[in-house]
Amino acid sequence: MPRITIVFAAAALGIAGPAAAQEPMNWQAVAGEALGTLQAYIRIDTSNPPGNVGPAVDLLAGVLKREGIAFERFESAPGRSILMARLKGSGKAKPILLLHHTDVVPADASRWKRDPFGGEVADGAVWGRGAMDMKGIGVAHLYAFIALKRQNVPLDRDVIFMAVPDEEIGGELGAVWMRENHYDKFEPEYILDEGGFGSRDLFSPGKLVFGISVAEKKILWLELMAEGIAGHGSQPHDQNPNDRLVRALARLLAEPMPPSNVEVLETMKERVGELAPNKFNNAIQHSTISLTSLRSGVGEPPKVNVIPSIATATLDCRVLPGTTKEEWLALVARRLGDPEIRIEVTYESEDPVVTTQDSTLYRALEAAVTRKHPDAIVTPMIVPFGTDANGFRPHGVKSYGFFPAVLPATALGSMHGDAEFIPVDALAPAIEIFFEALRATASAPSR
Ligand SMILES: [Zn+2]
């Protein structure tokens, strides 16, 4: 009955076209298929290390094959399979890339109440490593992509589905490898990846907020080293590197982080109001430092009566866009207040680039969200962690991190934890919103 009505109405308005004759999608049915695929996907252990994702790519390739969608497969190294599938457009505009990673962080099964690779459905959720980060999102990409094919949506640009390994250890054999070796095969205008989401409790309790990530923080990993003079624990002296390091760290961590002046955060506050005080909102509004290790002592286990000659600490610094590496290192050195402590950069990510929200895809995502959730506030945001999308921003790609589902803070907090889950009812609206935003951004005006 709905089908007849729609065709009749379209004919009456004189707007017959290929899209008008399509059966409307039954999103619940599509989400049911997606749920089955997600369970199977979680059951394939893609823990990284070792990061073998071949069987996961077999699974995704099997789904595409059944839909009659062509794909290519690449191997950046043994077990590091990459899948790329394409819905061909007229080529009038550059592609949209749906990008997700197939690898997951390892799970310590003894800490889990459920099998981390069981894909169990219970209490309205799918449980397992990768449910949120990010097999659930990848499956939502896949079924939105499939829906475009099933609906025969005419496209002005290619829509590309890509599944890459190795994100959890930096992406060298995944997204980075594809960019360096096969960029000519996809060269997107837009990327959709992980990052933002909808929440009723995390950003501002009582408000439904959807954050679309437009930028990330710069990762700077530092190693601090204090040197001193070894000696007998019975006779303390003023050249103990432990004392020196601990005092300097106390100075470093005591000062609050400076307020940010990032435009995205200003926009976010204008739209949402004050953000709830929690660790996530703190991390998106400030540059942060986590003291992640302290190493010292002589012998294993360290001798209690020996003053060592060296003490080290590692700092995981996440720096907001707008602060350079040099500025940050100067801030750390000043706060440590001890020029004798050596600071070494052991890893840094690329300088963050902010993607504009003034784009067709951003507006399409915003419109699709508000159609489904009229009470929603949609805002650009920064994510506190790194994703594959960041490496494409310096190449001029407009990259958005977004999973358009309303998620409880507990689900978001479960990423990398020992009870990772995604609510089952997140899938249908997410797939539908992805589909609508893709159709609005990629479809050719057929009349
Ligand atoms: Zn991830």
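Residue-level check: of (1) within 18 Å of residue 25 (Cβ to Cβ); (2) in contact with a helix residue (DSSP H, G or I) (Cβ under 6 Å, 6 or more places away or on another chain), residue 425 misses just (2).
The helices (runs of 4 or more DSSP H) found wholly in region 347-447 and carrying at least 2 residues that are within 16 Å of the ligand (Cβ to nearest atom) occupy 409-413.
Take residue 114 and decide whether it is surrounded by fewer than 18 Cβ atoms within 10 Å (Cβ to Cβ), more than 14 Å from the ligand (Cβ to nearest atom) and part of a loop (DSSP other than H, G, I, E, B).
For residue 114, the condition - surrounded by fewer than 18 Cβ atoms within 10 Å (Cβ to Cβ), more than 14 Å from the ligand (Cβ to nearest atom) and part of a loop (DSSP other than H, G, I, E, B) - is met.
Out of curiosity, is residue 129 part of a loop (DSSP other than H, G, I, E, B), within 16 Å of the ligand (Cβ to nearest atom) and basic (Lys, Arg)? It is true that residue 129 is part of a loop (DSSP other than H, G, I, E, B), within 16 Å of the ligand (Cβ to nearest atom) and basic (Lys, Arg). The set of residues in region 87-106 that are away from the ligand (no atom under 14 Å from the Cβ), in a loop (DSSP other than H, G, I, E, B) and buried (at least 18 other Cβ atoms within 10 Å of the Cβ) comprises 89, 95. The single condition from (1) touching a residue at least 12 places away in the same chain (Cβ under 8 Å); (2) surrounded by fewer than 24 Cβ atoms within 10 Å (Cβ to Cβ) that residue 209 fails is (2).
Return yes when residue 383 is in contact with a Pro (Cβ under 8 Å, 6 or more places away or on another chain) and surrounded by 15 or more Cβ atoms within 10 Å (Cβ to Cβ) and no when it is not. Reasoning before the result, please.
Numbers: in contact with a Pro (Cβ under 8 Å, 6 or more places away or on another chain): no; surrounded by 15 or more Cβ atoms within 10 Å (Cβ to Cβ): yes.
No: the conditions fail for residue 383.
Taking region 290-342 as the region of interest, how many residues are within 26 Å of the chain's Cα centre (by Cα) and either in contact (Cβ under 8 Å) with a residue 60 or more places away in the chain or surrounded by 16 or more Cβ atoms within 10 Å (Cβ to Cβ) (or both)?
12
Being within 16 Å of the ligand (Cβ to nearest atom) and among the hydrophobic types (A, V, I, L, M, F, W, C) is a description that does not apply to residue 109. Would a scan of region 168-188 turn up a residue that is modelled with pLDDT under 95, within 16 Å of the ligand (Cβ to nearest atom) and more than 30 Å from residue 379 (Cβ to Cβ)? Yes; the residues of region 168-188 include at least one that is modelled with pLDDT under 95, within 16 Å of the ligand (Cβ to nearest atom) and more than 30 Å from residue 379 (Cβ to Cβ). Does any residue of region 82-99 turn out to be within 17 Å of residue 40 (Cβ to Cβ) and touching a Pro at 6+ places or on another chain (Cβ under 7 Å)? Looking through region 82-99, none of the residues is within 17 Å of residue 40 (Cβ to Cβ) and touching a Pro at 6+ places or on another chain (Cβ under 7 Å).
If we scan region 218-231, do we find a residue that is small (Gly, Ala, Ser), without any contact (Cβ under 8 Å) to a residue 40 or more places away in the chain and exposed (fewer than 15 other Cβ atoms within 10 Å of the Cβ)? No, region 218-231 has no match at all.
This table checks each residue for (1) in a strand (DSSP E or B); (2) β-branched (Val, Ile, Thr); (3) outside the structural domain of residue 68 (by TED's automatic domain parsing); (4) in contact with a Cys (Cβ under 9 Å, 6 or more places away or on another chain).
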{"residue": "139", "(1), (2), (3), (4)": "no, yes, no, no"}
{"residue": "143", "(1), (2), (3), (4)": "no, no, no, no"}
{"residue": "152", "(1), (2), (3), (4)": "no, no, no, no"}
{"residue": "177", "(1), (2), (3), (4)": "no, no, no, no"}
{"residue": "191", "(1), (2), (3), (4)": "yes, yes, no, no"}
{"residue": "195", "(1), (2), (3), (4)": "yes, no, no, no"}
{"residue": "202", "(1), (2), (3), (4)": "no, no, no, no"}
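The values are calculated or read from the model by the stated rules, or taken from the named source; none is laboratory data. Because the structure is a prediction, the values reported are computed rather than measured. All Cβ positions, even for glycine, are placed from backbone atoms using ideal geometry, and neighbour counts span all protein chains on display.
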